[in-house]
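The next block holds one structure in the form of structure tokens; read it before the comments.
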């Protein structure tokens with residue numbers, strides 16, 4: 001029983017760390033900014 | 001014969017190859033369009049790339065979704081690549097979140113961007129970079145220049161931005177006002193980039209030049225509006241542009257520039273001077289009208305005259321661009337530049353005259369105003385207790401002004417008449433006339449001096465103070481006119497000297513006023529100043 005609680009706790013920590021890492025990756029990427037701004041243009 | 005033909009063909013191919021960067025894009029040709037982010041200090045990072053093929057007119061379209069916005073970068077830059085060779089580029093402030101931004105990429109934007117990249121190098125904030133990136137837009141109107149020329153313009157633009165900033169700081173513009181000005185400036189530059197898309201989309205050369213001219217004129221209006229929103233005195237802002245122009249002209253960065261290239265820049269920058277000058281005064285009048293409680297008809301008259309002058313100025317700048325920079329791949333000659341500037345100045349003068357005519361108060365309005373002032377003064381023991389009417393004041397030449405040296409007297413403007421609405425609330429106002437203004441004018445050796453009205457019999461009080469204030473502002477105006485006459489033909493140094501002297505005199509006049517609030521003092525000075533075109 002004691003071991004199960006530890007295993008669950010560890011699993012939750014790992015998941016939280018993963019979420020934190022993934023969200024950090026997302027915010028540091030300039031190309032993945034999804035703010036809806038667009039750029040339309042013409043060149044000559 | 002065959003040998004000659006071979007050499008001629010070779011020479012033609014070489015000349016076409018070397019001129020590629022200053023001609024339209026190749027027809028039906030595959031390019032790649034790169035989107036970069038550019039930091040305030042000028043660091044570039046490639047974000048995305050797409051393929052595009054030019055059409056039969058040498059034009060291509062591009063679109064990027066979910067582009068980085070102003071929360072993550074200072075600028076966006078589009079570069080058109082032919083293989084590994086950069087052929088066109090355009091730089092613009094990054095859009096705000098969710099903004100659908102438009103951009104024109106042309107021979108002109110290519111050179112403006114090259115200069116801007118040079119100019120923003122080392123900037124420490126987006127605000128500082130915006131100011132440095134602004135100057136190439138009002139300096140460069142042609143794509144016909146060498147890489148080295150564009151770099152030189154960039155260095156001079158940095159000098160100009162520094163001078164502009166220092167001048168505003170020196171004249172007590174606060175950090176908050178500058179921050180607000182920078183924000184508005186970014187919006188103005190985005191609008192300019194969008195307007196340039198219309199120029200690129202047009203396949204008729206002269207129509208495209210008209211679009212470009214309109215974009216430039218609208219940029220000028222938006223820049224002055226930016227200052228207005230930030231609460232910067234518009235006359236000070238116009239003077240700061242003149243100071244920047246002077247520094248630009250004398251910048252060592254432009255020492256190696258060809259005579260033709262320098263002349264083109266100077267003409268383009270000067271083409272905006274009169275525009276800025278009149279915009280600054282108009283925004284002053286507009287602001288004053290609400291403070292003085294102008295009537296609906298007075299406000300309507302001003303708004304109508306302002307719209308008309310605004311349109312005239314935009315059309316004049318459009319025509320200037322068509323005449324001087326009709327072909328973005330060809331540097332205009334001095335003769336062409338002079339002719340285009342001359343045409344523009346004639347149109348500006350006509351717009352100015354029409355504005356003055358429309359805003360000149362009629363005789364009934366002047367009589368009513370003088371009667372009211374006479375009534376106020378009677379309550380203070382005017383004319384030694386004798387009779388005083390509006391007719392008495394009219395007999396002293398009051399309600400009239402001189403706007404040119406040797407000029408005939410004309411009625412005060414509607415804005416001046418409206419300003420007298422404030423008098424009942426200015427019971428504690430007094431004005432100490434600036435005696436040096438008369439000597440300043442006489443030192444410039446005008447053909448004749450104006451005759452000062454004899455106000456000695458009028459009782460001290462707000463009405464007399466307003467009359468003295470109006471006369472000093474008229475002298476200030478005449479000093480500028482005479483300076484311009486003495487210095488003609490005017491260059492940027494002359495314009496800077498005239499606007500700085502005008503500003504200094506207005507500041508002295510401001511110091512001479514006591515009693516009213518700062519807002520009321522500013523309002524009176526704006527409303528009581530005659531419209532000026534140098």
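Here, each number is a calculation from the coordinates, and none is a lab measurement. In this text, all values refer to a predicted model and were calculated from it rather than measured experimentally. Because the Cβ atoms are built from the backbone with ideal geometry, glycine has one as well, and the counts that use them run over all protein chains shown.
The listed peptides B:164-175, B:444-455, ordered by packing as a protection proxy, come out as B:164-175, B:444-455 (highest mean of other Cβ atoms within 10 Å first).
Please give the Cα centre distance for the stretch B:278-327 versus the stretch B:178-243, rounded to the nearest Å. The distance from the Cα centre of the stretch B:278-327 to that of the stretch B:178-243 comes to 15 Å. For residue B:357 and residue B:206, the FRET efficiency from 1/(1 + (r/R0)^6), where r spans their Cβ atoms and R0 equals 35 Å, is about 0.65. Listed by Cβ neighbour count within 10 Å, with the fewest neighbours leading, B:338, B:149 appear as B:338, B:149.
Note on the stretch B:108-357: semi-axes of the ellipsoid equivalent to its C-alpha gyration tensor, largest first and rounded to whole Å, are 28, 23, 16. The label-point distance for residue B:335 and residue B:410, in a model that sets each label 7 Å from Cα toward Cβ, rounds to 3.6 nm.
The share of alpha-carbon pairs in chain B lying farther apart than 31 Å comes to 51%.
P(r) tail, the stretch B:261-394: Cα-Cα pairs separated by more than 26 Å, 47% of all pairs. As a calculated quantity, the FRET efficiency between residue B:400 and residue B:435 at R0 = 22 Å, using C-beta atoms, amounts to about 0.50.
Classify the stretch B:149-202: rounded, prolate or oblate, from the alpha-carbon gyration tensor (a ≥ b ≥ c, eigenvalue square roots; a/c under 1.5 rounded; otherwise prolate if a/b is larger than b/c)? Oblate is the answer for the stretch B:149-202, as a/c is 1.5 or above yet b/c matches or exceeds a/b.
Taking the Cα atoms of the protein assembly as shown, the ratio Rg/Rh between the radius of gyration and the Kirkwood radius comes to 1.09.
A simple spin-label model places pseudo-atoms 7 Å from Cα toward Cβ; at residue B:50 and residue B:290 they are separated by 4.1 nm. Note on residue B:485 and residue B:300: the model spin-label points, each 7 Å out from Cα along the C-beta direction, lie 3.9 nm apart. Residue by residue along B:60-70, Cβ atoms of other protein chains within 10 Å of the local Cβ number 5 on average. Every helix of 4 or more DSSP H residues in the protein assembly as shown counts as -39500 (n - 2.57), and over all residues that averages to -20500 deg cm²/dmol at 222 nm.
I need to check one value: relative contact order of chain B, counting alpha carbon pairs closer than 8 Å and at least 6 residues apart, in percent. Walk me through the intermediate numbers first.
Numbers: 873 pairs, mean separation 65.4, N = 534.
Once normalised by length, the contact order is 12 percent.
With respect to chain B, whose longest principal axis is taken over its alpha-carbon atoms, helix B:273-292 is tilted by about 50°.
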